[in-house]
Amino acid sequence: KQWYQRRVAITVGAICQTMGYSCFISWDNTAIQIPGHNDTAWLIQSTYEVLASNVMCTPGNSNFSDHCSYTLSHNCTHSDDVFLKCGGIRNIARAGLATQVNTGYGGYPSRALDGITDGNYFSGNRSVTHTVSGGTEAWWKLTWDRPYYIDTIRIWNRQDCCKERLNGATIHINGTVVGTVTHSFTEDVYTFEGLHVTASKILIRGGPGSLHLSLAEVQVFGNPRLAKECGVLFDLVDEQGNTNDVRSGLLIAHRQGADMASSGTVCDDFFSDQAATIICKSMGYQCASYWDHGSKWPRQQDYQIALDDVQCGSVDQPFSSCNYSTAHNCGHSEDV
C-alpha cells in the first residue's frame, strides 16, 4: 500500500509539472469544494468524455510522455474523475514583461516567453530573440509588477547555429550575478536552481565578445509567496533496484521542484534517529527500526546525491519541518 501511495504521489506530481507547477498539494476523486456550495460533483464534468485511465508515472523530468503511461480504453464513469490541487513554485515567466536592449531581424524579446523551446531561428515557430548589440552591452530583461520568490531559472539556447553566442552570458538578480552560462557550444538548455531569492526582475546580459544575444525560451520558477508548499517524497530501493514493498534499503529522495529528475540519495551529515523516524512515517510506516550509512552496493553510483545536512526535531512533525540542503559535499560512502 505504501509503495502504491508513493507511485500515485509521483504521478500526480508529474501531471502538475506539465502544467507549470512544481508539485501537487492534494488530489481526490471527489469535487474540490467551492465556498458557499455543497455540491459533491460539478455539472460540467458530464460535458467531457473520459479520456485517460490507468495513469502511472515514474520519477523523471516534466516530460509527461517520457515518464508516464496510460490507456485510452477505460471502464470509468465521471464519479472516478480526478480533482487535483497543484502548488509550490511554478513557471512565472509569462506573468512578466520582456524587454531587451534593442531588436534585430525581428527577434522580439517576447519570443522567449511564448512557451516554445524550438531553438531554430528560421523554423515556422519563429521563437528565438535577437539583439543588434553584442557583448556585455546586450541584455534581455524580465520584469513583474510585484516581487516573486524565485527558485529556478531555465534558459534555452539557439540551436540552428551560433550556440557560442550565449557563452559567458550572466544572470543578474538584485544586482548580483546568480549564474553564468558555460559550454554553450554543446548545450541546448541551462538550469540555475536553488536561488531562493525574492525579486521583481531578472536580467540576462550577453557574454564578453558575443556577436548578439539570442534566447529560445526563458522559464522562471517561483511563487508570489515565500512559504514552501512542496515536500520531498521518499522511496526505499533494494540492491536490484526494486521499490515495491521494500522495507529496508537505500533511501532515495524525490525532490518536488522545478524538475522531478531531482531524485537521488541522502547524505548522512547531521542525519539522526529523528530524521529516520519522520521519513519512515512519511512512507506510511510507524517508525524506523534502525538506519546505517556507507557504500554497500554498486547501484548507488547510478544516483546523484539529492539531500544533505538533514536536520529534524520532533518525530511528531512532518518532514516539511526539517531543514536540509540540496547542495552537498558528500560521496556515496555517506549514503543513508
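The values are calculated or read from the model by the stated rules, or taken from the named source; none is laboratory data. Owing to the predicted nature of the structure, the values given are computational and were not obtained by experimental measurement. With ideal geometry, Cβ positions are generated from the backbone for all residues, glycine too; neighbour counts draw on all protein chains shown. The protein model used for the area step is the full one, side chains on, heavy atoms only, and it has no ligands, DNA or RNA in it. Shrake-Rupley method; radii C 1.70, N 1.55, O 1.52, S 1.80 Å.
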Would you mind telling me the share, in percent, of accessible area of the range 283-336 contributed by carbon and sulfur at probe 1.4 angstrom?
44 percent
Per-residue ³J(HN,Hα) for the range 165-177, Karplus 6.51 cos²θ - 1.76 cosθ + 1.60, θ = phi - 60°, Hz, x for Gly and Pro:
5, 7, 4, x, 4, 10, 10, 10, 9, 6, x, 10, 6
Please report the accessible area of Thr176 (heavy atoms, 1.4 Å probe, ligands and nucleic acids excluded) in Å², nearest 10.
80 Å²
Long-range Cα-Cα pairs in the range 43-153 (distance over 20 Å), rounded percent:
64 percent
Computed label-point distance, nm, for sites Gln286 and Val8 using a 7 Å Cα→Cβ extension:
2.2 nm
Given 37 °C and 0.692 mPa s, how large is the Stokes-Einstein diffusion coefficient of the range 140-190 in µm²/s, with Rh as the Kirkwood radius over Cα pairs?
266 µm²/s
